[in-house]
Amino acid sequence: MNLTTRLPGLMLKNPVMPASGCFGFGKEYSQFYDLSELGAIIVKAATGEARFGNPTPRVAETSSGMLNAIGLQNPGVEKIIEEELPFLRSYDTPVIANVAGSTVEEYVKVTKALNHSKDIAALELNISCPNVKEGGVQFGTDPSLAKEVTYQVKEASDYPVYVKLSPNVSNIVEMAKEVADAGADGLSMINTLTGMQINLKQRKPIIANQTGGLSGPAIKPIAIRMIYEVRQALDIPIIGMGGIITAEDVLEFLLAGANAVAVGTANFQNPLACPEIINDLPSMLKQYGFYSVEDAIGKGHV
Amino acid sequence: MITKQLLKINSHMQIAEDTFEVVVQSPLAKELKPGQFVHIALPNHMLRRPVSIAGVDTQAETFTIIFKIFGEGTRELSKYQAGDTLDVILPCGTYYPIDQLEIDQALIVGGGIGVPPLYYLAKTLKENGVKVTSVLGFQSKDQIFYEEKFQVLGDTYIATNDGSYGTKGFVTDIIDEINPTFDYFFSCGPTPMLKAVSHQLEGYNGYISLEERMGCGVGTCYACVVPLKQDPKQSKKICKDGPVFSANEVILS
Ligand SMILES: Cc1cc2nc3c(=O)[nH]c(=O)nc-3n(C[C@H](O)[C@H](O)[C@H](O)COP(=O)(O)OP(=O)(O)OC[C@H]3O[C@@H](n4cnc5c(N)ncnc54)[C@H](O)[C@@H]3O)c2cc1C
Ligand SMILES: Cc1cc2nc3c(=O)[nH]c(=O)nc-3n(C[C@H](O)[C@H](O)[C@H](O)COP(=O)(O)O)c2cc1C
Ligand code: FES
């Protein structure tokens, strides 16, 4: 079974990669399995300077999912380049850096800093984080801001740029078109949906930030629908994500039009989620009548 | 080395109101140190539940956990039976660094579900020849567990919030009353208790163990951070850098 899939700047041996923010910078999960098994790795967001993030509690469990409001805590792009990314060199798998910021200038600063790293293969431009006060999701919900930041980052970057879309919009196709027009090499979708959970005993939201981003199987139908709609309108490569737990879920994303997939929340439930999915892919694809991963991409459209 | 294992439950029994003791078979048991926890997956739950190690039998290759029903997940866990399989990540987190400390006398201060890890600690200290004094707090008489087991290890004092057993009030009331002598204190329990105890015992050397809602439980997601006293802009992860911290290292909120 041929599991390879080709995207701009990324020749992947299989379509499965851990999603940003759900895998740190790889060290912890490298204790559980050989990271070379992964199609690629998307690491935690990088901002211009170190960020402390939001107060705790930062997570809450929901039906078939979870809320998080981490607030982009990270040691800053320079430290990430010097202290975190070199660890992943010894693995035979491409690394995708996740770029975040509060202003266009910060996004560009992070992008330029990452040009100096030889340890990455592409950028994922995070314009969709719902958990920070400034920037983040604002860029992802205003089409003209999204276009502007995509254009500037694309100008500044030596690497292919995948723009990560927010599902917190009424017209996902319009957003996709804007960032595609601005030169995005690909899309990554979806980020989390803004949600809230209230503690009955304490009579207040569980998450200190009050709202958090919903992820996990609860959001999968939304991700599938959005990828399907964008694939109807555009040919642009898509890394699909949102609630993937099994190899069957991966096929559903491929059928909707994703060229590769990312697995987020499932890593928390099962640290071996990614390798187990990769292991199950060949027989599952065969069972549904496919001879390769690329064979299945977009085949769910009527 | 941290791993995920499917482990057999050897025994599962209720030991106090809403409180259960579970003995689990694992070849890794002998590597589990006092203060560390295991991260347990439950069917139909997205996130695992962190539970402390309350004891280890190296001969039988088993470890013990003690938990109280708090919400849906722990209720589910209370329905397991001997012979069932548990999906566990272990060992998680840091341990009380007792091998690196010069201790003759230790003060153990535990509250509620903070008591289980302290039993394993107290037992290990006693085996190392340390004199142990334990001060334990529970909500009420029905919730008390392991009193006799602690008594075997040294002087043991109990406080209940409602006064239904022992001293009425908090562990801090007992500490005031008995004025114990010790080189190090070790405390685990609800954050308000940890704050009160750290405040009361300021100036003494001690270690505390913290709780926070967790995502991954292994150090990747930044869900469980605690700010540092030295520089509140810096933080540590409770799941990986903790749950055990030096008493004056972190800011309790
Ligand atoms: C390091 C550590 C060690 C622990 N050791 C023990 C122990 O030995 N015995 C014991 O009874 N309990 C222990 N706890 C607390 C235990 O994890 C919670 O009581 C349990 O997670 C509650 O789950 P639930 O589904 O019953 O409650 P729910 O409220 O339904 O849980 C919802 C979510 O909140 C999380 N959550 C709720 N309360 C806590 C809490 N206090 N700490 C962390 N997460 C929480 C749950 O894990 C779950 O993700 C420990 C917690 C930590 C962090
Ligand atoms: C705890 C947590 C932290 C996350 N951090 C980031 C992040 O730093 N950057 C980003 O682009 N997405 C982040 N995400 C979003 C995920 O990458 C992913 O898009 C989303 O969770 C949906 O996938 P899932 O349902 O498989 O988790 C985070 C998600 C979670 C649960
Ligand atoms: S729970 Fe994920 S870093 Fe601690």
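For residue A:201 and residue A:30 in the same chain, what is the full-extension length gain: residue separation times 0.36 nm, less their Cα-Cα distance, in nm?
Details: separation 171, 0.36 × 171 = 61.56 nm, distance 3.93 nm.
Answer, rounded to one decimal: 57.6 nm.
Label-point separation (nm) for residue B:195 and residue A:194, each offset 7 Å from Cα along Cα-to-Cβ?
A separation of 3.0 nm, rounded to one decimal place.
What Kirkwood hydrodynamic radius, in Å, does the range B:98-209 give when the mean of 1/r is taken over all pairs of distinct Cα atoms and then inverted? Walk me through the numbers before you get to the answer.
Numbers: mean 1/r = 0.0731 Å⁻¹.
So the Kirkwood estimate lands at 13.7 Å.
Residues in the range B:8-43 near a label at residue B:82, defined as backbone nitrogen under 13 Å from the 7 Å Cα→Cβ point?
Residues B:9-14, B:22-25 fall inside that zone.
Mind putting a number on the dipole of the protein assembly as shown about its Cα centre? Charges go on the C-beta only, +1 for Lys and Arg and -1 for Asp and Glu, and I need it in Debye to the nearest 20. Intermediate values should be presented prior to the final figure.
Details: 46 positive and 61 negative charges, 121 e Å.
Using Cβ point charges on Lys, Arg, Asp and Glu, the protein assembly as shown gives about 580 debye.
For residue B:3, enumerate residues with amide H under 5 Å from its amide H, sequence gap 5+ or separate chain, H modeled in the peptide plane.
For residue B:3, the qualifying residues are B:90.
Throw me the Rg/Rh for the range A:77-204, computed over C-alpha atoms with Kirkwood Rh, two decimals.
Using only Cα positions, Rg/Rh for the range A:77-204 is 1.04.
Just checking the output field for B:234-242: average partner chain Cβ neighbours within 10 Å of each residue's Cβ?
2
Suppose accessible area is computed on protein heavy atoms with a 1.4 Å probe; arrange B:68, B:168 from highest to lowest.
Output order, biggest surface exposure first: B:168, B:68.
To check my understanding: the extent here is largest minus smallest coordinate of the Cα atoms along each principal axis. What are those three numbers for the range A:160-283, in Å, largest first?
50, 38, 24
Let me test this: with uniform point scatterers at the alpha carbons of the range A:207-260, what is the Debye-based log₁₀ I(q)/I(0) at q = 0.13 1/Å?
For the range A:207-260 at q = 0.13 Å⁻¹, log10 I(q)/I(0) is -0.34.
Across the residues of A:30-42, average count of Cβ atoms on other protein chains within 10 Å?
Working: counts 0, 4, 6, 1, 0, 0, 0, 0, 0, 0, 0, 0, 0.
Per residue, the number of nearby Cβ atoms from other chains is 1 on average.
Using a cut-off of 22 Å between alpha-carbon atoms, which lysines can reach residue B:30, once sequence neighbours fewer than 8 places away in the same chain are excluded?
B:4, B:8, B:123, B:126, B:149, B:240
Starting from the 7 Å offset along Cα-to-Cβ, what nm value, one decimal, do you get for the label separation of residue B:10 and residue B:105?
3.6 nm
Using the Cα centre of chain A as the reference point, and only Cβ charges (+1 on K/R, -1 on D/E), how large is the resulting charge dipole? Debye, rounded to the nearest 20.
Taking the Cα centre of chain A as origin, the dipole is about 700 debye.
Simple spin-label model, 7 Å along Cα-to-Cβ: residue B:128 to residue B:164 in nm?
Using points 7 Å along Cα→Cβ, the separation is 3.6 nm.
Take the Cα radius of gyration of the protein assembly as shown and divide it by 2.2 N^0.38 Å, with N its residue count; two decimals is plenty. Don't jump to the answer; show the numbers that get you there.
Details: Rg = 25.0 Å, N = 555, 2.2 N^0.38 = 24.3 Å.
The protein assembly as shown yields a ratio of 1.03.
If amide H atoms are built 1.01 Å from N in the plane of the peptide, which residues on other chains or at least 5 residues away come under 5 Å of the amide H of residue A:102?
Correct list: A:107.
List the equivalent ellipsoid semi-axes of the range B:3-92 in whole Å, largest first, each obtained as the square root of 5λ for an eigenvalue λ of the Cα gyration tensor.
Square roots of five times the eigenvalues give 19, 15, 12 Å.
Could you give each residue of the range A:214-219 its phi-based ³J(HN,Hα) in whole Hz, using Karplus coefficients 6.51, -1.76, 1.60 with θ = phi - 60°, and x for Gly or Pro?
In residue order, the calculated couplings are 7, 9, x, x, 4, 9 Hz.
Taking every alpha carbon pair in the range A:139-207, what does the distance histogram look like in 5 angstrom bins from 0, in percent?
3, 17, 24, 17, 10, 8, 7, 6, 4, 2, 0
What Kirkwood hydrodynamic radius, in Å, does chain B give when the mean of 1/r is taken over all pairs of distinct Cα atoms and then inverted?
Hydrodynamic radius (Kirkwood, Cα only) of chain B equals 18.3 Å.
Between the alpha-carbon centers of the range A:144-209 and the range A:94-115, tell me the distance in whole angstrom.
After rounding, the separation between the Cα centres reads 15 Å.
Among A:189-195, A:267-273, how do they line up from the highest to the lowest mean number of other beta-carbon atoms within 10 Å?
Values: A:189-195: 23.6, A:267-273: 21.9.
Those peptides, ordered most packed to least, come out A:189-195, A:267-273.
Given charges of +1 on the Cβ of Lys and Arg and -1 on the Cβ of Asp and Glu, with all other atoms neutral, how large is the dipole of chain B about its Cα centre, in debye to the nearest 20?
Taking the Cα centre of chain B as origin, the dipole is about 740 debye.
Projecting each Cα onto the charge dipole of the protein assembly as shown (Lys/Arg +1, Asp/Glu -1 at the beta carbon, about the Cα centre), which of B:47, A:195, A:94 comes out farthest on the positive side?
It is A:195, whose Cα lies furthest towards the positive end.
How much of residue B:253 can a 1.4 Å solvent probe reach, expressed as accessible area in Å² and rounded to 10?
About 120 Å², ignoring ligands and nucleic acids.
Helix-only estimate, please: 222 nm mean residue ellipticity of the protein assembly as shown, summing -39500 (n - 2.57) across DSSP H runs of length 4 or more and dividing by its residues, to the nearest 500.
Result for the protein assembly as shown: -7000 deg cm²/dmol, rounded to the nearest 500.
Say a paramagnetic label sat at a point 7 Å from the Cα of residue B:72, along Cα to Cβ; which residues of the range B:43-59 have their backbone N under 19 Å from it?
Under cut-off, by backbone N: B:43-51.
Can you work out the Karplus-derived ³J(HN,Hα) for every residue in the range A:104-113? Use 6.51 cos²θ - 1.76 cosθ + 1.60 with θ = phi - 60°, whole Hz, and x for glycine or proline.
Coupling constants for the range A:104-113: 4, 4, 5, 4, 5, 4, 5, 4, 5, 4 Hz.
Averaged across the residues of A:267-275, what count of C-beta atoms belonging to other chains lies within 10 Å of each residue's C-beta?
5
Compute, for residue A:112, the solvent-accessible surface of its heavy atoms (probe 1.4 Å) with the complete set of protein chains present, and express it in square angstrom to the nearest 10.
Roughly 110 Å² of residue A:112 is accessible to a 1.4 Å probe.
Provide the packing ranking of A:79-87, B:76-84, i.e. peptides ordered by the mean count of other C-beta atoms within 10 Å per residue, highest first.
Descending packing order for the listed peptides: A:79-87, B:76-84.
Of A:231, A:6, B:75, which has the most accessible area and how do the rest follow, probe 1.4 Å?
Solvent-accessible surface, decreasing: A:6, B:75, A:231.
Kirkwood Rh and Cα-based Rg: tell me the resulting Rg over Rh for chain A, rounded to two decimals.
Using only Cα positions, Rg/Rh for chain A is 0.94.
If you restrict to DSSP beta bridges whose two residues both lie in the range B:98-209, what percentage is antiparallel, to the nearest 5? Don't skip to the end; give the middle numbers.
Details: 0 of 26 bridges.
Just about 0 percent of them are antiparallel.
The values are calculated or read from the model by the stated rules, or taken from the named source; none is laboratory data. All values derive from a computational prediction rather than experimental measurement. When we count neighbours, we look across all protein chains shown, and the Cβ atoms used for this are built from the backbone with ideal geometry, even at glycine. For accessibility, only protein heavy atoms count, side chains too; no ligands or nucleic acids. Shrake-Rupley method; radii C 1.70, N 1.55, O 1.52, S 1.80 Å.
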